[in-house]
Amino acid sequence: MLQHQAPQPKRNQRRGGTAETESPRADKQSRLGNSALTERTVGKTASSGLGNDELSGWVGGGGTEQAMVKGVSRPDKLSTGMKGALIGASEVELHTGEDGSGAVVAKLTEGTAAEVVKSKGNFLKVRARSGDKNVEGWVAKELFSDQPAISKDEENSSLRDNYVYSKFDGDQSPKNPTGKEATQGYLGNCFLIGSLAAVANTSPQIIKDMVKYNAEKGTYTVRFYEEKSGGKSTPVYIEVDSYLPTSSSDRKDPSYGGDAGGPLWAAIVEKAYAKWKGGYDAIGEGGVGSETMQEITGGRSASKNPGSMKPNEVIPYFTAAKKAGQAIYAGSKDGRKSEAQAPFSGSSSGPYSATLTHTHKWNEIIPGSLRISDTGGKAGTAKDTGVEGDQKAKIVGTSVDKGSIDYKANRAELKFKNGIAPAQAKDLEVFFQYHGVIDLQAFVIANHAYAFEGVVEGDKLQFYNPWGSYQPKPMTAEQFLANYDSLSVNTPPANKSAGK
């Protein structure tokens, strides 16, 4: 799944600023493959058959496999490979001895993510990150808390991201939820946050009803819906505590959903969703928005291909769907083709070198899309061999002796076979597909989820970027069709369907 790329930020940076400043949030989404697919592979829909009383009067609490002790999730059963965190002491020591004795392997901050390696008596051998490496040691079982798996470090996949679980006290359930309260953090799950924002924009009561705060235990029960055979959606209840991933330097600011000091209901829902689906890492690689909206509302999602729409159909479609109370979610295109460039320099004997340029600093070449042609007709076409995720690749072609491309540095080197070099370096014309900001005027990010807010200025569409920043500008019907290739609407129970 393709997504825009951006420069590497410092780990402790946060989002913010204007569209002209460096965006740590933009980078984190890019590196995690922030898929915005809605209906591209979806062919099924589901009808819930649930009434308003069932939506608003439920009482959660069942269906979980852990005990809640003083607001902390503690597993009833332990198994090798179980993910969690070390919670219960301000500093947690790992020891070499199976009974928690022996030399100290590492001293870890409370909340450090950990994985069970072995269990013996009242002690566990766990694996955890310490600095830039993994360490293993023994710790008392009572310090292990069952938590969703943290996302993997993009620079070293053997490590988890360097986040710790921190407790957020008080009732964080939604009060008067709006779409703008759903903000995405350093996790590639715009499909989930965008879906929550889309539902909150049209049916805030559903968001209020899906989260129940259990004051006595200090926990939350979150309700989702799972499609069963026959197309019926059945409630699923997930109970979570109030510990959320943060950086160790700022334990009041969630690293994933939510912002410091702001509403955290989306972060609670995100955690419950991660627990249900198998971890933060499992939901950080993209998803399908139409299915996710069904899991939130229990109602039907329907898909529409923007490519089948005419400009004069766009505004009426969105207006009708909004009037019908439907949640609307759109996915932007994977990328865009660059304008022609002639950046190469060098003599006829080669090699030729070039620095390729972009229209925005977040943009990067999509590996495998580079094409170099000789406008003078002396040399054949060359292309890169990269695939998504590559940092470097070869440039090959029938006329090419050797060549390479560094996607991060945007540097290309090329040498042709004897006797077939171009007449001059400037005859080498370059095209490529890129992801990043695919529309500077409307400021649309490639392969990203957006929640529809409404029709503004009479004839323009306003979307919400779940990053919480870098919002797109109101766009015309023509701009929408140029930038988006997926669209999904969800009809919560008791709401009438808009046009198909």
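Residues are listed down the side, and each one gets a yes or a no for (1) crowded, with 20+ Cβ neighbours inside 10 Å; (2) modelled with pLDDT of 95 or more; (3) among the acidic types (D, E):
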position	(1), (2), (3)
S349	no, no, no
L356	yes, yes, no
I366	yes, yes, no
S369	no, yes, no
S373	no, yes, no
A379	yes, no, no
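Pick out the one residue from A393, A449, A442, A412 that is in contact with a Leu (Cβ under 8 Å, 6 or more places away or on another chain) and either within 24 Å of G286 (Cα to Cα) or of a type in the set (A, V, I, L, M) (or both). Quick ask: steps written out before the conclusion?
Values: A393 fails: in contact with a Leu (Cβ under 8 Å, 6 or more places away or on another chain); A449 fails: in contact with a Leu (Cβ under 8 Å, 6 or more places away or on another chain); A442 fails: in contact with a Leu (Cβ under 8 Å, 6 or more places away or on another chain).
None of the others qualify; the one that does is A412.
Can you tell me which residue within region 215-248, out of those that are among the small types (G, A, S) and more than 23 Å from the chain's Cα centre (by Cα), is surrounded by the fewest Cβ atoms within 10 Å (Cβ to Cβ)?
The residue in question is S229.
Filter region 55-112 down to the residues that are of a type in the set (A, V, I, L, M) and in contact with a Pro (Cβ under 8 Å, 6 or more places away or on another chain), then identify the one that is modelled with the highest pLDDT.
M82
Among (1) in contact with a helix residue (DSSP H, G or I) (Cβ under 7 Å, 6 or more places away or on another chain); (2) part of a strand (DSSP E or B); (3) within 18 Å of K83 (Cα to Cα), where does Y220 come up short?
Against the list (1) in contact with a helix residue (DSSP H, G or I) (Cβ under 7 Å, 6 or more places away or on another chain); (2) part of a strand (DSSP E or B); (3) within 18 Å of K83 (Cα to Cα), Y220 comes up short only on (3).
From A412, A423, which residue is among the hydrophobic types (A, V, I, L, M, F, W, C), outside any strand (DSSP E or B) and in contact (Cβ under 8 Å) with a residue 60 or more places away in the chain? Don't jump to the end; show me each part of the working.
Details: A412 fails: outside any strand (DSSP E or B).
Sole residue among the options that is among the hydrophobic types (A, V, I, L, M, F, W, C), outside any strand (DSSP E or B) and in contact (Cβ under 8 Å) with a residue 60 or more places away in the chain: A423.
Could you check how many residues of region 391-409 are surrounded by 15 or more Cβ atoms within 10 Å (Cβ to Cβ), outside any strand (DSSP E or B) and out of contact with any Gly (no Cβ under 6 Å at 6 or more places or on another chain)?
The qualifying residues number 1.
Restricting region 130-157 to residues that are of a type in the set (S, T, N, Q) and either under 21 Å from A274 (Cβ atoms) or part of a strand (DSSP E or B) (or both), which is modelled with the lowest pLDDT?
Looking at residues that are of a type in the set (S, T, N, Q) and either under 21 Å from A274 (Cβ atoms) or part of a strand (DSSP E or B) (or both), I get S157.
How many of the residues in region 83-133 are among the acidic types (D, E) and closer than 17 Å to R160 by Cβ? Quick ask: steps written out before the conclusion?
Taking region 83-133 and keeping what is among the acidic types (D, E), we get 91, 93, 98-99, 110, 115, 132.
Among the residues that remain, those that are also closer than 17 Å to R160 by Cβ are: 110, 115, 132.
Number of matching residues: 3.
Scan region 190-200 and tell me whether some residue there is buried (at least 23 other Cβ atoms within 10 Å of the Cβ), aromatic (F, W, Y) and in contact with a strand residue (DSSP E or B) (Cβ under 6 Å, 6 or more places away or on another chain).
Going residue by residue through region 190-200, those that are buried (at least 23 other Cβ atoms within 10 Å of the Cβ) are 190-200.
From the residues that got through so far, the ones that are aromatic (F, W, Y) too are 191.
Pick out the ones that are also in contact with a strand residue (DSSP E or B) (Cβ under 6 Å, 6 or more places away or on another chain) and you get 191.
Scanning region 190-200, I find at least one residue that is buried (at least 23 other Cβ atoms within 10 Å of the Cβ), aromatic (F, W, Y) and in contact with a strand residue (DSSP E or B) (Cβ under 6 Å, 6 or more places away or on another chain), so the answer is yes.
Out of (1) out of contact with any Ser or Thr (no Cβ under 8 Å at 6 or more places or on another chain); (2) surrounded by fewer than 19 Cβ atoms within 10 Å (Cβ to Cβ); (3) more than 27 Å from Q471 (Cα to Cα); (4) modelled with pLDDT of 95 or more, what's the single condition that is false for N418?
Only one criterion is unmet by N418, namely (4).
Might you check whether a residue that is basic (K, R) and either crowded, with 16+ Cβ neighbours inside 10 Å or assigned by TED's automatic domain parsing to the domain that holds A266 (or both) occurs anywhere in region 457-472?
yes
Check off (1) in the same structural domain as W265 (by TED's automatic domain parsing); (2) farther than 23 Å from G218 by Cα for S173 and give me the number that stays unchecked.
In the conditions (1) in the same structural domain as W265 (by TED's automatic domain parsing); (2) farther than 23 Å from G218 by Cα, S173 misses (2) alone.
Could you say whether any residue in region 148-167 is in contact with a Pro (Cβ under 9 Å, 6 or more places away or on another chain) and surrounded by fewer than 23 Cβ atoms within 10 Å (Cβ to Cβ)?
Looking for residues that are in contact with a Pro (Cβ under 9 Å, 6 or more places away or on another chain) and surrounded by fewer than 23 Cβ atoms within 10 Å (Cβ to Cβ), one finds none in region 148-167, hence no.
The values are calculated or read from the model by the stated rules, or taken from the named source; none is laboratory data. Quick caveat: nothing in here was measured; it's all calculated off a predicted structure. Note: ideal-geometry Cβ built from the backbone for every residue, glycine included; neighbour counts use all protein chains shown.
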